[in-house]
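The values are calculated or read from the model by the stated rules, or taken from the named source; none is laboratory data. This is a predicted model, so every value here is computed, not measured. No Cβ is skipped: glycine too gets one built from the backbone with ideal geometry, and neighbour counts run over all protein chains shown.
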Amino acid sequence: MLLAADYPFLDVLWTMIIFFTWVIWIWMIVIIFTDVFRRRDIGGWAKAAWCVLMIVLPFIGVLAYLIAQHDGIAERNLERAQVSQRQFDDHVRAVAVDNGGGAGAATEIAKAQELLEKGAIDRSEFQAIKEQALAAH
């Protein structure tokens, strides 16, 4: 009994095409439902209507959403990516200043230099602050 002979190459190819089409369909549904639920420009009733349309008439609902909202999907994804990048950059800057990398030490030394120039501290106190700042960072 030969299994390969019972399932020829074109049947394998057709099965693979159907399987990957099914995976793409599920991925597209997940992306669209995610976009619908993340939207802030429509209310709950509109979100519910889109969901019902995509569940009851899936092909028509998905195609209608893609046709009606194709620019909006891209803009919302770009906006979310930019906000996420800004938050990450702000976090990195805050951590770099607080935890080292030279930025925190440089700030402390600059403040000590200003105090030295104003005469609030003397040269030995400035050196002590400078060494402490450099040792901590």
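I'm trying to understand the selection: among the residues of segment 39-69, which are closer than 18 Å to E79 by Cβ and of a type outside the set (K, R)? Break it down into steps so the answer makes sense when it comes.
Our first condition is that a residue be closer than 18 Å to E79 by Cβ; within segment 39-69, this holds for 39-42, 69.
Matches in segment 39-69: D41, I42, Q69.
Looking at A94, A49, A74, A81, can you tell me which residue is closer than 30 Å to T107 by Cβ, surrounded by 10 or more Cβ atoms within 10 Å (Cβ to Cβ) and of a type in the set (A, V, I, L, M, F, W, C)?
Details: A49 fails: closer than 30 Å to T107 by Cβ; A74 fails: closer than 30 Å to T107 by Cβ; A81 fails: closer than 30 Å to T107 by Cβ.
Selected residue: A94, the only one of A94, A49, A74, A81 that is closer than 30 Å to T107 by Cβ, surrounded by 10 or more Cβ atoms within 10 Å (Cβ to Cβ) and of a type in the set (A, V, I, L, M, F, W, C).
Does R93 satisfy the condition of being modelled with pLDDT under 90 and under 28 Å from the mean Cα position of the chain (by Cα)?
On the way: modelled with pLDDT under 90: yes; under 28 Å from the mean Cα position of the chain (by Cα): yes.
Considered against the rule, which asks whether it is modelled with pLDDT under 90 and under 28 Å from the mean Cα position of the chain (by Cα), R93 comes out as yes.
Looking only at segment 15-38, how many residues end up being surrounded by 11 or more Cβ atoms within 10 Å (Cβ to Cβ) and over 18 Å from E75 (Cα atoms)?
Count: 3.
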